[in-house]
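For reference, the structure is listed below as structure tokens.
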Number of protein chains: 4
Amino acid sequence: MQLGMIGLGKMGGNMKLRLEKAGHRVVGYDRNPDVADVDSLAALVEALDAPRAVWVMVPAGEATRSTVEELAGLLSEGDIVVDGGNSRFTDDAVNAKTLAAGGIGYVDAGVSGGVWGLTEGYALMVGGAEADVRRLQPVFDALKPEGEHGFVHAGGVGAGHYAKMVHNGIEYAMMQAYAEGYELLEASEYVDNVPEVFKSWREGTVIRSWLLDLMDRALDSDPKLDHVKGYVEDSGEGRWTVDEGIRLRVPLPAITESLFARFTSRQEDSPAMKAVAALRNQFGGHAVKSD
Amino acid sequence: MQLGMIGLGKMGGNMKLRLEKAGHRVVGYDRNPDVADVDSLAALVEALDAPRAVWVMVPAGEATRSTVEELAGLLSEGDIVVDGGNSRFTDDAVNAKTLAAGGIGYVDAGVSGGVWGLTEGYALMVGGAEADVRRLQPVFDALKPEGEHGFVHAGGVGAGHYAKMVHNGIEYAMMQAYAEGYELLEASEYVDNVPEVFKSWREGTVIRSWLLDLMDRALDSDPKLDHVKGYVEDSGEGRWTVDEGIRLRVPLPAITESLFARFTSRQEDSPAMKAVAALRNQFGGHAVKSD
Amino acid sequence: MQLGMIGLGKMGGNMKLRLEKAGHRVVGYDRNPDVADVDSLAALVEALDAPRAVWVMVPAGEATRSTVEELAGLLSEGDIVVDGGNSRFTDDAVNAKTLAAGGIGYVDAGVSGGVWGLTEGYALMVGGAEADVRRLQPVFDALKPEGEHGFVHAGGVGAGHYAKMVHNGIEYAMMQAYAEGYELLEASEYVDNVPEVFKSWREGTVIRSWLLDLMDRALDSDPKLDHVKGYVEDSGEGRWTVDEGIRLRVPLPAITESLFARFTSRQEDSPAMKAVAALRNQFGGHAVKSD
Amino acid sequence: MQLGMIGLGKMGGNMKLRLEKAGHRVVGYDRNPDVADVDSLAALVEALDAPRAVWVMVPAGEATRSTVEELAGLLSEGDIVVDGGNSRFTDDAVNAKTLAAGGIGYVDAGVSGGVWGLTEGYALMVGGAEADVRRLQPVFDALKPEGEHGFVHAGGVGAGHYAKMVHNGIEYAMMQAYAEGYELLEASEYVDNVPEVFKSWREGTVIRSWLLDLMDRALDSDPKLDHVKGYVEDSGEGRWTVDEGIRLRVPLPAITESLFARFTSRQEDSPAMKAVAALRNQFGGHAVKSD
């Protein structure tokens, strides 16, 4: 089928390629004219036959919101917009409402796969009306991995991004799990070769996983991780997951501590630990390190 | 080659089968005469040609210790004992010393695989002297999975159980990660079908893993987990991992919180939370629930 | 000076008494006519001389919001409204704007003191314009404890409730600290008389505090806490504190774990721990407890 | 009464002064001859009338152990040794046994008070036989604060250091509580003057405490904590508390996270966070910061 793809960066560009390889016709738009097929959203809409399907793959937040608003003015009744970005699930109801005024459908799609998606396929978690999702199924089938899994229609509008958010929360804690194990092994006098231990775990163990395979790859190229700094960004989903835990009174200790470890990793110095040091100095005369 | 196997329970029994299927001759001893080939450790030692290799697969702690001590009196110089149980790594130096007095070698082997090991193979993490490990390699090769991974000689005596201990610590936090995600999805009004979401994650996602496959299996047979109580034992490795974090000053928040969640799951009522409730009642006149 | 007090429950009623004892004239309104001086907000406004000051002490959220809106229609330019309830700091900007349209000032006041405030005084953390706060100072002086501390003008509108929110977050973690210590002492075979240990800590120690005094009181009347269930509500400020930690990327492990412990205390069974138990059963054939 | 005091550092020296001010005769020994009354343990024992009482106030571990062993050879039946250092409670049974062979009593005393103890008194938590503790009561009475609290006979040998250990565990989490509140207030745009907020909390609030008074002092002298580095040592009790939580299956999330925060504060870079950064780079092509 035909699809408009807005945003041809690392993710959108590769998804376009995978769709085209599967025989779909994809009209791409990007602010960078070098990679775009058309030079405006209006031109993109023009280039597609009705009823149209347009996939938005731009940064979450303001960029996605303004793109949806512009599309609301360009598309027609019966068209569908997919937000495949890392939007917060609470944005989806807003976007859906904006489009519904013009009879335009809306589907939110959480997409996992990163740089591996082009060849291995993208896992898709989508939310929206049954009819809208069904119409887009050929696109989803082309994007998803070839096995029997990797796609779910998780619920109404917002459910796709919600499931993806939880996926990322789990991911934070899994990464933290391997990372803590790594640090402990490196600190111990018992184990001689930490990278070999990780490599061995890739088969037969309870903790084998794709992330473990990647950990092995990382250690293959940099066995002591000498070339990486312990500085970790977070892209929003982890924070939103904890916010949801708070809202729904669900205790999330492992996920939350993983998020806090990232916050801490980005601090030059910890104001809280300065306070603890100052307190210890007050009552015990413990020496403090000063700058 | 020949091997004595002591302890023919769920693990030892299946390992014997896997070894025999690979062409090794295994003489088995168990307190239960129905499953044993011989009726005493002495008979087992008698039945093997020197230099002998004896694999101990009995409960960690007292049972393993006393078995090793008895073997020290029965075996001869040049023989080797393997402890394949879930022993604490600190037991290994003691066992090795007991045996070394008689010129008997000692190898510790952390074994992962559970009920799946018979068909899929057991991941092995071993510690000990190079020569001892090399002599046992045919046994390890028969037990391990068929791929290129699943075996590591992690270091000297104790390194095998150490690596297995860290493996289990990581396992605790990974299980907690999926479990927290599960609880959040179940609590949310956004996602309709939580088991389908988990199933979809099995391909193309960052969090795909063997544990996730098992989670899918569990939800297939009991979609709301109605038939399971939220009561979780721990077998020691998690506690030892945290002890090591404390000893080596390695922060292990995700693993430790996962362990604490298990402790809490086994409490009828929480003394700590009783104290918090009593405190709130004191300062705020907040009602307390009383028994 | 004169003050209108709206809401004469446990907090508002005692604050009225303390203000009157200090010589202020307080006109009280409550939905319960038995405790009220006037029978409507209109009558309350009528009974005060301009420029008026009205203290709102009703449940946070809808009740406070609608009271402020009604006051906006009844009060005149130059009057001031104080919200002394446990409102979220984000409500304050909304309330301030509602009132500012009519030239009415707004001050938010976080109030600590509970059932002890009548006799010991209420700690006050206020936010608002300098002039508004200054006009209310006689009221604050009468409410606050007699010492040199217990009052702070923390910043603009919202700062009072913000400071009170953080106060409560700290309170959660302090209570958790004593509670964990209590549980450990009770679990240990080393210490014979846990209540006596807590009592002894009230002087000379690093951990002496008012909360510790209350803990001692609680243990005096119920040494084993036999009459309290480990079930703990939370009133919002703890959740908001963690939300702020997430928003501002401030790691708050002790406060957050204290909040999660409360969430857990209110669960009949833990869905997350059911998931862990189900997983263990899948890979290890570990028995599960079923209902 | 008479007392021998071994170790005249910051703690022991001040305790000697406080005892002498109360009319006791204290013979002091220290490796530093400038502060000592006698030049050897033998001379100290010689200078006391039987039955003797000797208070050991030297660093926990090897120094305390060897001092007790030397005293076992010098003292006589009916004498008593007090270990007032920060020893691990598990050392006490060993020390008691060493001395019991010669009929010498043993009492362990956890001492809190730091640099403030000289004037305000030292809180004492003691363990040992009833008769031994009773004989030392005049010494305890002189050391403890003047109020009705500050002393407890917590149980048999080891109970004193156990209670002190838990006291310090609680202290860790209380300091962390204030520290997290401090960091959040400093990070927020709502509150103008964080030190004033802390100062106001000293009266009328739920969180008033001696530690809060010290926090106020610290902020008085350095309002932004510009002269303190966020680097915090730990002296053992926190680690032992968590070890006990693990041994007794008591969840201690707030105390443990406070300890982990100290571990993290002492790391130049976090190996765990390096691993997370390396993993993110593998699957997402996320940029890593390299050294």
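The values are calculated or read from the model by the stated rules, or taken from the named source; none is laboratory data. Computed from a predicted structure; not experimentally measured. When we count neighbours, we look across all protein chains shown, and the Cβ atoms used for this are built from the backbone with ideal geometry, even at glycine.
Here are the numbers:
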read-out: Any chance residue C:117 is without any contact (Cβ under 8 Å) to a residue 60 or more places away in the chain, in contact with a strand residue (DSSP E or B) (Cβ under 9 Å, 6 or more places away or on another chain) and either under 15 Å from residue C:5 (Cβ atoms) or of a type outside the set (Val, Ile, Thr) (or both); value: no
read-out: Residue match in segment B:238-248 (condition: more than 23 Å from residue B:86 (Cα to Cα) and at pLDDT 95 or above); value: no
read-out: Contacts under 8 angstrom Cβ, first residue in segment C:129-141 being of a type in the set (Lys, Arg), partner surrounded by fewer than 17 Cβ atoms within 10 Å (Cβ to Cβ), 6 or more apart; value: C:135/C:51
read-out: Of the criteria (1) assigned to a helix (DSSP H, G or I); (2) buried (at least 24 other Cβ atoms within 10 Å of the Cβ); (3) within 7 Å of another protein chain (Cβ to nearest Cβ), which one residue B:186 fails; value: (2)
read-out: Segment A:200-222, subset closer than 24 Å to residue C:282 by Cα and in a helix (DSSP H, G or I), residue farthest from the chain's Cα centre (by Cα); value: A:200
read-out: Residue check, residue D:83 farther than 26 Å from residue D:198 by Cα and either within 15 Å of the chain's Cα centre (by Cα) or facing chain C (nearest Cβ under 7 Å) (or both); value: yes
read-out: Scope segment C:145-183; condition assigned to a strand (DSSP E or B) and in contact with a Leu (Cβ under 8 Å, 6 or more places away or on another chain); matching residues; value: C:151, C:152
read-out: Residues (more than 21 Å from the chain's Cα centre (by Cα), crowded, with 24+ Cβ neighbours inside 10 Å and either at positive phi or assigned to a loop (DSSP other than H, G, I, E, B) (or both)) located in segment B:98-114; value: B:104
read-out: Residues located in segment D:135-155, provided they are touching a Gly at 6+ places or on another chain (Cβ under 7 Å) and either more than 7 Å from every other protein chain (Cβ to nearest Cβ) or closer than 19 Å to residue C:188 by Cα (or both); value: D:143, D:146, D:154, D:155
read-out: Boolean, residue C:64 is closer than 25 Å to residue C:239 by Cα and hydroxyl-bearing (Ser, Thr, Tyr); value: yes
read-out: Any chance residue B:228 is at pLDDT 95 or above, surrounded by 16 or more Cβ atoms within 10 Å (Cβ to Cβ) and over 30 Å from residue D:235 (Cβ atoms); value: yes
read-out: Residue match in segment A:154-166 (condition: touching a helix residue (DSSP H, G or I) at 6+ places or on another chain (Cβ under 6 Å), in contact (Cβ under 8 Å) with a residue 60 or more places away in the chain and surrounded by fewer than 22 Cβ atoms within 10 Å (Cβ to Cβ)); value: no
read-out: Segment D:115-133, residues that are touching a His at 6+ places or on another chain (Cβ under 9 Å) and either of a type in the set (D, E, K, R) or in a helix (DSSP H, G or I) (or both); value: D:130, D:133
read-out: Helices (runs of 4 or more DSSP H) enclosed by segment D:223-288 - at least 1 residues per element that are more than 30 Å from residue C:185 (Cβ to Cβ); value: D:271-284
read-out: Residue pairs meeting the criteria (Cβ under 8 Å; at least 6 apart or on separate chains; first in the same structural domain as residue C:180 (by the TED database) and buried (at least 24 other Cβ atoms within 10 Å of the Cβ), in segment C:194-205; second charged (D, E, K, R) and in a loop (DSSP other than H, G, I, E, B)); value: C:201/C:208; C:204/D:144
read-out: Subset of segment D:156-181 [within 7 Å of chain C (Cβ to nearest Cβ) and within 14 Å of residue C:208 (Cβ to Cβ)]; value: D:167, D:170, D:171, D:174
read-out: Checking residue D:95 against (1) more than 26 Å from residue D:151 (Cα to Cα); (2) part of a helix (DSSP H, G or I), the condition it does not meet; value: (1)
read-out: Odd one out for residue D:278, checked against (1) small (Gly, Ala, Ser); (2) touching a Leu at 6+ places or on another chain (Cβ under 6 Å); (3) more than 7 Å from chain A (Cβ to nearest Cβ); value: (3)
read-out: From A:239, A:262, residue being of a type in the set (Lys, Arg), buried (at least 20 other Cβ atoms within 10 Å of the Cβ) and either on the phi > 0 side of the Ramachandran plot or more than 13 Å from chain B (Cβ to nearest Cβ) (or both); value: A:239
read-out: Segment B:242-257: number of residues that are more than 7 Å from every other protein chain (Cβ to nearest Cβ) and buried (at least 23 other Cβ atoms within 10 Å of the Cβ); value: 0
read-out: Strands (runs of 3 or more DSSP E) within segment D:1-88 that include 1 or more residues at negative phi and in contact with a His (Cβ under 9 Å, 6 or more places away or on another chain); value: D:2-6, D:80-83
read-out: Residues within segment D:207-233 that are of a type in the set (Asp, Glu) and away from chain C (no Cβ under 14 Å), tallied; value: 3
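For (1) surrounded by fewer than 22 Cβ atoms within 10 Å (Cβ to Cβ); (2) of a type in the set (A, V, I, L, M); (3) farther than 16 Å from residue B:7 by Cα; (4) not assigned by the TED database to the domain that holds residue B:247, each residue gets a yes or a no:
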site	(1), (2), (3), (4)
B:27	yes, yes, no, yes
B:31	yes, no, no, yes
B:44	no, yes, no, yes
B:52	no, no, yes, yes
B:86	yes, no, no, yes
B:124	no, yes, yes, yes
B:133	yes, yes, yes, yes
B:139	no, yes, yes, yes
